[in-house]
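Q: Have a look at this one.
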Amino acid sequence: MTAPPFILRAPRPEDVAAYCGFLSDPDVHIWLEDRCQRPLSLPEIQAFVLGPAWCRWAIECDGAFVGLTGLEDYDPARGTARFFIVIGDRKLWGRGLGEAVIRRVLEHGFHGLGLRKIVSDFMAPNQGSRRIHERAGFREEGCARDDSWRRGGWVDRVYVAIFKDEFDAQSQGAPS
Ligand SMILES: CC(C)(COP(=O)(O)OP(=O)(O)OC[C@H]1O[C@@H](n2cnc3c(N)ncnc32)[C@H](O)[C@@H]1OP(=O)(O)O)[C@@H](O)C(=O)NCCC(=O)NCCS
C-alpha cells in the first residue's frame, strides 16, 4: 500500500484548534490516555500541541495538519524514548499513513537522535495501533492486565519495543 504523501514539521499555533476538534471525536480519543476521556481545556490542548517537548512533530498531508507524532520520555542513560502518534483526521485511517509515520519516526530516533531502544504501548483493542507497531517491527514485552476502563469494561495495555539493530536489519531487508 502506498501511504498518502506527508511531511513532519514543527507544530504551529494554528494547529491547536484542529487538534481540539480531533480530540473531541470519540473514535480518536477512546484509546488515548485517561486524561483525554473528558473534555480538555484549551490550555491543556495548547500544552499537548505547543508545550515543551523533546521530539514532537505535526503530521501534515496535502497542506493540512492531520495529527501529532514523536518521541517522549527520553532517558539518556538508557538510550530510550517512547513513541506516540495521533492521526486525528479519520478519513486518512487505513491507508498506510500510520505505518509510514512510525517508520519515519523510528528512522529519526535511531539514526538522527542515536537511540538504542524505542518503546511504546497501546490498549489491546486498538487494532490499528497494534498493526502499525507490528509492521514496524516492534515486539511485545509485556501486558498490564485490566489496565484502563473503556466502553464499559477493563482493557489490557500491551507494552512493545524495538531495538536499533532490529530496525536496521528489517530496513535492509525492505524493498527500496
Ligand atoms: C492508530 C493509528 C495511528 C493508525 O493509523 P492508520 O493510518 O490507520 O494506520 P495504517 O493505515 O498504516 O494501518 C492500520 C492497520 O490497522 C488495521 N485496522 C485499523 N482498525 C482496525 C480494526 N478495528 N480491526 C482490524 N484492523 C484494523 C487497518 O486495516 C490497517 O491494516 P492493513 O493495512 O493490514 O489493512 C490511527 O488510527 C490513530 O491515530 N488513531 C487514534 C489515536 C490512537 O489510537 N493512537 C495510538 C495510541 S497507542
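Q: Given R₀ = 45 Å, FRET efficiency for L42-D165 by Cβ-Cβ distance, to 0.05?
A: Working: r = 43 Å, r/R0 = 0.96.
The pair L42/D165 has a calculated efficiency of 0.55.
Q: A further question on this structure: Taking 8 Å as the Cα distance limit and 6 or more residues as the minimum spacing, I'd like the relative contact order of the chain as a percentage.
A: After rounding, I find 18 percent.
Q: With a/c under 1.5 counting as rounded, go ahead and sort region 1-55 into rounded, prolate or oblate using the C-alpha gyration tensor (a ≥ b ≥ c being the square roots of the eigenvalues; past the cut-off, prolate if a/b is larger than b/c, else oblate). Working shown, then result.
A: Numbers: a/c = 1.89, a/b = 1.20, b/c = 1.57.
It is oblate, given that a/c is not under 1.5 and a/b is not larger than b/c.
Q: Between exposed trypsin sites (Lys or Arg not before Pro) in the chain, where DSSP calls loop and at most 11 other Cβ atoms lie within 10 Å, what's the longest gap? Display every interim value, and only then the final one.
A: On the way: sites that count: R78, R151.
That gives 1-77 as the longest site-free run.
Q: Sticking with this structure for a sec: Long-range amide H contacts for G67: which residues qualify at under 5 Å (H placed 1.01 Å from N, peptide plane, sequence gap of 5 or more or a different chain)?
A: The list, which skips near neighbours in sequence, is I59, G88.
Q: Determine the shape class of region 70-164: with a ≥ b ≥ c the square roots of the Cα gyration tensor eigenvalues, call it rounded for a/c under 1.5, and otherwise prolate if a/b is greater than b/c, oblate otherwise. Numbers along the way, then the final one.
A: Details: a/c = 2.14, a/b = 1.28, b/c = 1.67.
Because a/c hits 1.5 or more and a/b fails to exceed b/c, region 70-164 counts as oblate.
Q: Rounded, prolate or oblate, given the Cα gyration tensor of the chain, with a/c below 1.5 counting as rounded?
A: Details: a/c = 1.43, a/b = 1.18, b/c = 1.21.
Rounded, because the longest to shortest axis ratio a/c is under 1.5.
Q: Same structure again: What list of ³J(HN,Hα) couplings, whole Hz, do you get for region 57-73 from phi and the Karplus terms 6.51, -1.76, 1.60, once you set θ to phi - 60° and write x for glycine and proline?
A: Running phi through 6.51 cos²θ - 1.76 cosθ + 1.60 with θ = phi - 60° gives 10, 7, 9, 10, 10, 6, x, 10, 6, 10, x, 10, 8, x, 10, 9, 6 Hz.
Q: Now for a different question. I'd like the antiparallel share, as a percent to the nearest 5, of DSSP beta bridges with both residues in the chain. Before the final figure, lay out each step's value.
A: Details: 32 of 35 bridges.
Once the DSSP bridges in the chain are tallied, antiparallel ones form about 90 percent.
Q: ³J(HN,Hα) across region 34-45 via Karplus (A = 6.51, B = -1.76, C = 1.60, θ = phi - 60°), whole Hz, x for Gly/Pro?
A: Those phi angles translate into 4, 5, 8, 8, 10, x, 9, 6, 4, x, 5, 6 Hz.
Q: Pick out, in residue order, every one of the GluC sites (Glu not before Pro) in region 36-130 that is DSSP loop and has at most 13 other C-beta atoms within 10 Å; say none if there are none.
A: Taking region 36-130 and a limit of 13 other Cβ atoms within 10 Å, no loop GluC sites (Glu not before Pro) are found.
Q: With runs of 4+ DSSP H residues as the only contributors, calculate the mean residue ellipticity of the chain at 222 nm using -39,500 (n - 2.57) per run, divided by the residue total and rounded to the nearest 500. Each step should come with its number before you reach the end.
A: Details: 6 runs with 53 residues, N = 176.
Rounded to the nearest 500, it is -8500 deg cm²/dmol.
Here, each number is a calculation from the coordinates, and none is a lab measurement. Since the model is a prediction, treat every value here as computed from it, not as a measurement. Please note: Cβ atoms are built from the backbone with ideal geometry, for glycine as well, and neighbour counts cover all protein chains shown.
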